[in-house]
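Trainee: Okay, here's the structure, questions in a sec.
The values are calculated or read from the model by the stated rules, or taken from the named source; none is laboratory data. Note that this is a predicted model, so its numbers are computed, not measured. Methodologically, a virtual Cβ is constructed for each residue, glycine included, from the backbone with ideal geometry; neighbour enumeration extends over all protein chains shown.
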Amino acid sequence: MEIKEIGEAREIVNRYLLHKSGNPMDEALMLKELLDLGLTQKEIKEVTGFSQPQISKRLKLLTLIPEIQEQVRQGKIRPSTAYELSKLPPEKQKEILKNKRVTFKLAKEMCRVFKISKEIEELLMEPVDEEPTDLPPIEYKCFMCGEWFLEYETKRCPTCGWLICPRCGQCYCQLGPEGKRVASAMWEEFVKFLERIKNEPRL
């Protein structure tokens, strides 16, 4: 880092320290300015005293949609919650703002559901094995009415990505917190089971 860059970097840091209140969004903007100046994260660490994890987390806040960034700046959404929300795409971030209060638990659960939905999409996008198989079609059990059904009997919910029960018309969205936790855990086990079958050598 050249002497001129050091001076400019310190000027940026001092400006934020003097006029800002340690707000994580303001710190994120400061770090972005330093990156735009050409500094590496290692050099930013030396200039600001921030640790590498702190720098990475602050910069992730800049991937949030403007509405959430503003709520973080106002203190309505905690930094820990905001870091979880940064793992979601913009459309899911907008969706979570429909809730009266955005908590860490809610953000964590939404990230969990989104991850599972992506796993479902990846499994569906995998090429179908055209070799003959005597495996029966997979049956799914509805968590709301307890009835069993086959995938071809229904469609997926555009919000959560889970199958809509053709019997009662409900899906993951209608489950309570405990139901969602159980359903997510069971799906993760199911995904592991499918992966295990797929990787088993054919006889």
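Trainee: If a residue has to be basic (Lys, Arg) and more than 22 Å from Trp187 (Cβ to Cβ) to count, how many in the stretch 66-116 make the cut?
Mentor: Residues flagged as basic (Lys, Arg) and more than 22 Å from Trp187 (Cβ to Cβ) within the stretch 66-116 amount to 7.
Trainee: Something else about it: Kindly indicate the residue of the stretch 45-76 that is at pLDDT 95 or above and not in a helix (DSSP H, G or I) and also farthest from Pro24 (Cα to Cα) among those meeting that condition.
Mentor: Of everything passing the filter in the stretch 45-76, Ile65 is farthest from Pro24 (Cα to Cα).
Trainee: Could you please find all residues in the stretch 152-203 being aromatic (Phe, Trp, Tyr), at pLDDT 75 or above and part of a helix (DSSP H, G or I)?
Mentor: Tyr152, Tyr172
Trainee: In this structure, is Gly22 over 30 Å from Glu188 (Cα atoms), in a loop (DSSP other than H, G, I, E, B), at pLDDT below 90 and outside the structural domain of Val191 (by TED's automatic domain parsing)?
Mentor: yes
Trainee: How about the stretch 164-191: which of its residues are over 23 Å from Leu106 (Cβ atoms) and crowded, with 17+ Cβ neighbours inside 10 Å?
Mentor: Cys165 - this is the single residue of the stretch 164-191 that is over 23 Å from Leu106 (Cβ atoms) and crowded, with 17+ Cβ neighbours inside 10 Å.
Trainee: In this structure, is Lys32 over 24 Å from Leu88 (Cα atoms), of a type in the set (Lys, Arg), surrounded by fewer than 16 Cβ atoms within 10 Å (Cβ to Cβ) and not assigned by TED's automatic domain parsing to the domain that holds Lys100?
Mentor: Judged against the criteria, Lys32 is not a match.
Trainee: May I ask you to say which residue of Glu84, Glu131, Glu91 is among the charged types (D, E, K, R), over 25 Å from Gly22 (Cβ atoms) and at pLDDT 90 or above?
Mentor: Glu91
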